[in-house]
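Worksheet: the structure to be examined is printed underneath.
Each value in this text was obtained by applying a stated rule to the coordinates, not by laboratory testing. Since the model is a prediction, treat every value here as computed from it, not as a measurement. Neighbour counts are summed over all protein chains in view; Cβ atoms, including those assigned to glycine, are modelled from backbone coordinates with ideal geometry.
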Amino acid sequence: MSTKKIVLIASAALAFVILVCTSAFFYLKSERNSRQVPIIITENERRIYSPPVPERLDFCGERVPLEDFDVYERIDREFLVNTYWHSAMLLYIKRANRWFPVIDPIIRKNGIPDDFKYMAVAESGLSNSISTEGATGFWQFMAPAAKKYGLEINSEIDERYNVQKSTQAACDYLKEAYIKFKTWTLTAASYNNGMNGIESQIGRQRTKNYYNMFLNEETYRFISRIVTIKEIMKDPHKYGFYFSKNDLYPPFDTYEVKINSPVNDFSVFAKEHKVNYKILKIFNPWLRDSSLRDKGRRTYIIQLPKAGEVKFEAD
């Protein structure tokens, strides 16, 4: 056999070997990529747990029937929502440190159970918010109800934004509703659905037990939301909320200025009392204009921070 033929045969054999090896390589690679790769769990793995629902819950001393599957699942839903909506719950806890000392003495003086301060959290998050329907302030009063319970509302004044006065108005409502319904649970439900609304459902469904009623979604969740917020705020560590005392918003130490005559310019009024217009409005959000005509010569109480209580930039 000639040398030339030997070289050709060797070259063909080498090419065949290379082709076989290359095909095998890509086949094995394809097979490896097609298989599921096992997930390696690291120490930093994030795990989501269902928050614990206590074996016993109550609202104003009235037992929550957790043996009812529907009631249990409503409560469970609110624990999930309020535990894992971290930013909102932390804000509630921070604000409560400032505002519960204002709310507590008023509801206590009126003989209203302590649990109702958590209703203000459920209603507004302890902020002067406005709902899409126009309910306003910490206690989310609609204008007609607010006026019925003694709050002034006009172009210059809206006392739904006054925490002290709106808390008193809420207490007046709750006392009236409790006389009608005889339970604090139905009283709270009526705050959301109206006394007439709850009375109508009592007649339609032939029950005076809130937990046995079929109601609209908002009222359905209302008591569960209050109860859940109370449990989390009373034992925040149990539900994963950790903070230091310095993280909480401090209460304000204020003094009162009584006015019973017109104020032409509240920016001038503020400077006369060693604060600026912004501070005046933050401490008195119920003042809705930059002046006050006060045609009826009513007496109003302005709250202002004591000297050194808050810091602000000088003009």
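Some observations on this one:
- Note on the stretch 238-278: among residues that are in contact with a Phe, Trp or Tyr (Cβ under 6 Å, 6 or more places away or on another chain) and among the aliphatic types (A, V, I, L, M), the one that is nearest to Ala88 (Cα to Cα) is Ala270.
- Within the stretch 188-235, restricting attention to residues that are among the basic types (Lys, Arg) and not in a helix (DSSP H, G or I), the residue that is surrounded by the fewest Cβ atoms within 10 Å (Cβ to Cβ) is Arg206.
- The single condition among (1) under 11 Å from the mean Cα position of the chain (by Cα); (2) outside any helix (DSSP H, G or I) that Leu90 does not meet is (2).
- Any hit, the stretch 150-169, residues being over 25 Å from the mean Cα position of the chain (by Cα) and assigned to a helix (DSSP H, G or I): no
- Boolean, Asp172 is within 19 Å of the chain's Cα centre (by Cα), under 30 Å from Phe214 (Cα atoms) and charged (D, E, K, R): no
- For the stretch 126-142, the criterion of being crowded, with 19+ Cβ neighbours inside 10 Å and more than 13 Å from Tyr161 (Cα to Cα) is met by no residue.
- Candidates in the stretch 170-187 are the residues that are crowded, with 20+ Cβ neighbours inside 10 Å and in contact with a strand residue (DSSP E or B) (Cβ under 7 Å, 6 or more places away or on another chain); of these, the one that is nearest to Asn216 (Cα to Cα) is Thr185.
- Test: residue in the stretch 237-246 that is closer than 27 Å to Asn284 by Cα and exposed (fewer than 13 other Cβ atoms within 10 Å of the Cβ): yes
- Counting only residues that are aromatic (Phe, Trp, Tyr) and touching a residue at least 40 places away in the same chain (Cβ under 8 Å), the stretch 167-212 holds 3 of them.
- Count of the stretch 282-306 residues which are surrounded by 13 or more Cβ atoms within 10 Å (Cβ to Cβ) and not in a loop (DSSP other than H, G, I, E, B): 9
- Residue in the stretch 257-272 that is outside any strand (DSSP E or B), within 17 Å of Glu313 (Cβ to Cβ) and free of Cβ contacts under 8 Å to residues at least 12 places away in the same chain present: yes
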